[in-house]
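*Asks:* Let me give you the structure first, and then I'll get to my questions.
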Amino acid sequence: MRPSPGPLRRRLATGLAGFAPGPGIAAGRSLLALTQLFTLLCTPDSALFAHGGYGPLAPYCDGSRALGLWCLGPADGTMTVRRTIAALGLAVIASGYRPRWTCLPHWFLTFSLTTATGLADGGDMAARIATLLLVVILLGDTRRWHWRRSPGTLPPQWRGAGYAAHLLFRVQVLIIYLQAGLSKLLDPVWRQGTAMYYTLHSHYWGAPAGLRPWIDPVLEHGWSVRLLGWSVVALELGLAAAMLLPAPARRAAVPGAVALHAGIIALMGLFGFGLTMIALVSTAAAGRRCTTDVTGGHTEERSSAARAAP
């Protein structure tokens, strides 16, 4: 008699059996493309390719970065053309049209933008890795629009690679938030609970003047400052832990990511970083109820299509 597989192996097997790109991946992918599109449309060349104070001026075209869109062709007189090409491409990607054929251009445009620019907001590298993993996830997706309901699981030749890429996607998000939370716990200012006071009073990162009448009363009390700081740490560690849990628990963590990064956007102005991380969490939280238990064990979750079948 064959021994029963362990719970981890059973979960992986059932997840693989029913894996298909769902609405969470569609929403995350569109938000990621829209974030990049807004960055492109709202940032002039003088800021997008600002001089960092050392080395040559951006766009940077050394090594592998020479393959990016901003480094192809002549250096002068083509910035508008390149912006137009990138903006049109990102608009099509954000619309959800033909994910199978637009996933690779999405990675290329992300690679081009994040390697050529002289400024980084912390989400650039994460977006570059995320769009590369989305290539593997979406190459087997034959839908015309990624908003349409998936007709079933991916073809067998793509399902294993897509599921493995999604697992790596979850690992990436886990590492980002685990590192963010643990690094704060190692900092004595964060352990004392006073870090948010100094952060929000920072000349560079501090809260905007328009929000000071609401922020300053909170920062006047030690207990409220500590509560604010420890809430950030708890949310980051909670989001990391959620990546290890089944899909329903991961989806329940998405509002926490929205709250965390909406606060970062409002108080620190990191729009691109905040929206990128919300997109990544939404994609990592995606999951589908399985229709088949390939291990022979009992599966409690079934898709609606399976429940409707005779």
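*Asks:* In percent, how large is the relative contact order of region 136-277, given Cα pairs closer than 8 Å and 6 or more residues apart?
*Replies:* Relative contact order, region 136-277: 24 percent.
*Asks:* Right, here's the next one. Residue separation times 0.36 nm, minus the C-alpha to C-alpha distance between A209 and M79: what's the value?
*Replies:* Length gained, A209 through M79: 43.3 nm.
*Asks:* Another question, if that's okay. Report, by chain and number, residues whose modeled amide H sits under 5 Å from the one on Y97, excluding near sequence neighbours (fewer than 5 apart, same chain).
*Replies:* Amide H neighbours of Y97, under 5 Å, 5+ apart: H146.
*Asks:* Charges at C-beta only: +1 for Lys and Arg, -1 for Asp and Glu. How large is the resulting dipole of the chain about its Cα centre, in Debye rounded to 20?
*Replies:* Taking the Cα centre of the chain as origin, the dipole is about 1420 debye.
*Asks:* Compute the longest continuous run of the chain that contains no exposed trypsin sites (Lys or Arg not before Pro); treat a site as exposed when its DSSP state is not H, G, I, E or B and it has at most 14 other Cβ atoms within 10 Å.
*Replies:* Numbers: sites that count: R144, R148, R149.
Formally, the longest exposed-site-free interval is 150-310.
*Asks:* Relative contact order, percent, of the chain when contacts are C-alpha pairs under 8 Å separated by at least 6 residues?
*Replies:* Answer for the chain is 27 percent.
*Asks:* Right, something else. Want the number for Q192 to A91: 0.36 nm per residue separation, take away the alpha-carbon distance, what's left?
*Replies:* 31.8 nm
*Asks:* Calculate one ³J(HN,Hα) per residue across region 223-231 by plugging θ = phi - 60° into the Karplus curve 6.51 cos²θ - 1.76 cosθ + 1.60, and present them in order as whole Hz with x for glycine and proline.
*Replies:* 5, 6, 5, 5, 4, 5, x, 6, 5
*Asks:* Using +1 at the Cβ of each Lys and Arg and -1 at the Cβ of each Asp and Glu in the chain, identify which of A17, W190, Q172 lies farthest towards the dipole's positive end.
*Replies:* Most positive-ward Cα: A17.
*Asks:* Hey, in the GNM for the chain with a 10 angstrom Cα cutoff, which one of W70, W223, W158 fluctuates hardest?
*Replies:* Per the Cα network of the chain with a 10 Å cutoff, W223 tops the list.
*Asks:* How long is the gain from A266 to D62 if the chain were fully straight, where each residue apart is worth 0.36 nm and the alpha carbon distance is subtracted?
*Replies:* Going from the current span to full extension adds 69.9 nm.
*Asks:* Rank L245, L174, L235 by mean-square fluctuation in a GNM of the chain with C-alpha springs under 10 angstrom and give only the top-ranked residue.
*Replies:* Per the Cα network of the chain with a 10 Å cutoff, L245 tops the list.
*Asks:* Computed FRET efficiency, Cβ-Cβ of F38 and S202, R0 25 Å: what is it to the nearest 0.05? All intermediate terms of the calculation are to be shown ahead of the outcome.
*Replies:* Values: r = 25 Å, r/R0 = 1.00.
With R0 = 25 Å, the Cβ-Cβ based efficiency is 0.50.
*Asks:* Right, another one. Under the rule of -39500 (n - 2.57) per DSSP H run of 4 or more residues, summed and divided by the residues of the chain, what mean residue ellipticity at 222 nm is obtained, to the nearest 500 deg cm²/dmol?
*Replies:* That calculation yields -20500 deg cm²/dmol at 222 nm.
*Asks:* Nearest 20 debye, what's the magnitude of the dipole of region 123-251 about its Cα centre given +1 on Lys and Arg Cβ and -1 on Asp and Glu Cβ?
*Replies:* It works out to roughly 680 debye.
*Asks:* Further question on the same structure: In nm, to one decimal, how far is the W101 label point from the L72 one, both placed 7 Å along Cα→Cβ?
*Replies:* 1.7 nm
*Asks:* Quick one: if the Förster radius is 25 Å, what FRET efficiency do L185 and A259 give, using the C-beta to C-beta distance and rounding to 0.05?
*Replies:* E between L185 and A259, to the nearest 0.05, is 0.75.
*Asks:* Specify the residue with the greatest mean-square fluctuation among G160, G222, G140, computed from a Gaussian network of the chain linking alpha-carbon atoms under 10 Å apart.
*Replies:* Comparing G160, G222, G140 in the GNM, the peak value goes to G222.
*Asks:* While we're here: Toward the positive end of the charge dipole of the chain, about the Cα centre and with charges on Cβ (Lys, Arg +1; Asp, Glu -1), which of M125, L244, L139 goes farthest?
*Replies:* Of M125, L244, L139, it is L139.
Values quoted throughout were computed directly from the atomic coordinates according to the rules given, and no laboratory measurement underlies them. Just so you know, these numbers come straight off a predicted model, no measurement behind them. When we count neighbours, we look across all protein chains shown, and the Cβ atoms used for this are built from the backbone with ideal geometry, even at glycine.
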